[in-house]
């Protein structure tokens, strides 16, 4: 085998290893979801304020019910991109609101299916899932790249 | 009596879903906590000399805070907050119902923590904030005002890049009603930067002359009026700010309470005779400090001003083994009218100082191995003027809490 052939083989191998990573990153978008029957929308800023704990309600006064996704990596990425704070600080803020009665205690879905189910069952429910898990049972109000 | 009332409150809230047709289940959550505090080398007077004394450690019996809330309609919500260390020792901290016709207008009625500064509403959320002790403005030994109110209107409106919040509250007043007072509390704050920054102003007026909820000898008041006042008309103003940027939390708050007060001569005689006051306090309470201790020698003018402020900073670092959060704090409190004896309604820290003022620096760390468990350890040094000298003494605290249902 010549040096050129070896180099080509090595490049192909590296490309094969790296491509799925890029493909995965490209597809790993996050969707902020609400119940399919929910007709109201939220701006990105309003979504950030709700998950940051700065706001506990929808613009019309309906209490917001946060549904946390049990996927730790997804949650960390979502908080970093939308709320722009560490996961521990965001959770601590939710707990503070619940312990003082200012906001509802967050609910947690272990899987995307559970998050969607809780969003549909909870008045004012708002959650986040991988965009690839999106289906007609819920409505996407924001896509996070 | 309290335990019975607490049980009735729990049963009432539990019955609400059945009556109203529940949308969501009743949420029950809270935390258990325990704390150890130890002061070292406490300055004590021996004539005009300052000596150091050992102080016993204080280990608080594990206590619980149980919260229940129920959103039984999109517009109606109920909340209960119970605190205690046993069935016979249950304190109903909050018990309120809330009506929310819109974001701009909410009505909360019951036993309600008023919106006042950064901490009054969240003082029972100890596991969530940096530090173990509340800022001095909210220390139970020397409250600026009562923590709770009975009716509060509040709301929030969008304003520019952020959200403008307001609240107005009223209640039955601080102590026994003297002149038909109408106390008013208010708060306005602006939150912006996607929830990262808050600046605000809180205020309170007693709305006329009132007095304390405690008699001399019954301990520290739960209100802003000292037990030896016959009447006290006062106002409080409080400014605060908070920045939560990335992993950092920075807080600063300043408050001043202006009291136009008249002392009760007989109560002051009890204080001077039994509370072990210092020379500055004696000179304040008596017309002639070297004269006889009787009602005719009591200086009835009890006007005084209380000032307090603090700055706090914390940082959250997520590691493979949980969250680590170092923090530093500086508190200042000044109340020239108070005394050291808690039993007589004073404050052990400010009351020991010659001028009623002290500073307290604190450094500590919060460790959360899992979100439900918070372990905090910190150390403070207290600094004040004592017998004409600046003295300091250290204190350490350890706090462990476990949250459930969250």
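What follows draws every value from the coordinates through simple rules; no lab data is involved. Being a predicted model, the structure only gives us computed values, none of them experimental. Counting neighbours? That spans all protein chains shown, and the Cβs are built from the backbone with ideal geometry, glycine included.
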Taking Cα atoms only, Rg over Rh for chain B with Rh from the Kirkwood formula is 0.98
Rounded to a whole number, the Stokes-Einstein D of the stretch A:22-129 in µm²/s (Kirkwood radius over Cα pairs; 25 °C; 0.890 mPa s) is 176 µm²/s
GNM of chain B, Cα pairs under 10 angstrom: of B:81, B:294, B:335, the biggest fluctuation goes to B:294
Which of B:363, B:243, B:49 fluctuates most in a GNM of chain B (C-alpha springs under 10 Å)? That residue is B:49
Taking a crude spin-label model, label points 7 Å out from Cα along the C-beta direction, the residue B:237 to residue B:318 distance in nm is 4.3 nm
Dividing the surface of the Cα convex hull of the stretch B:315-406 by four yields a projected area in nm² of 7.8 nm²
In terms of the alpha carbon gyration tensor, root eigenvalues a ≥ b ≥ c, rounded if a/c is under 1.5 and otherwise prolate when a/b exceeds b/c or oblate, the stretch B:176-277 is prolate
Classified through the alpha carbon gyration tensor (a ≥ b ≥ c as square roots of its eigenvalues; rounded if a/c is under 1.5, else prolate when a/b is larger than b/c, else oblate), the stretch B:36-88 comes out prolate
Length gained, residue B:301-residue B:184, 0.36 nm per residue minus C-alpha separation, equals 39.6 nm
Each label sits 7 Å from Cα toward the beta-carbon; between residue A:40 and residue B:59 the label points are separated, in nm, by 5.1 nm
proj_area_mean for the stretch A:59-105 (convex hull on C-alpha atoms), units nm², value 3.6 nm²
So for R0 = 22 Å, FRET eff. of residue B:99-residue B:164 from the Cβ-Cβ r, to 0.05, ends up at 0.60
Zone reached by a paramagnetic label modelled 7 Å from residue B:247 Cα along Cα→Cβ, restricted to the stretch A:66-91 with backbone N below 16 Å, covers A:76-77, A:79-81, A:84-91
Simple SL model, points at 7 angstrom along Cα→Cβ for residue A:72 and residue B:392; separation in nm is 4.1 nm
By the C-alpha gyration tensor axes a ≥ b ≥ c (rounded if a/c is under 1.5, else prolate when a/b exceeds b/c, else oblate), the shape of the protein assembly as shown is prolate
Chain B, Gaussian network, Cα under 10 Å: of B:203, B:276, B:175, the residue fluctuating most is B:276
A convex hull over the alpha carbons of the stretch B:67-169 yields, per residue, a volume in Å³ of 137 Å³
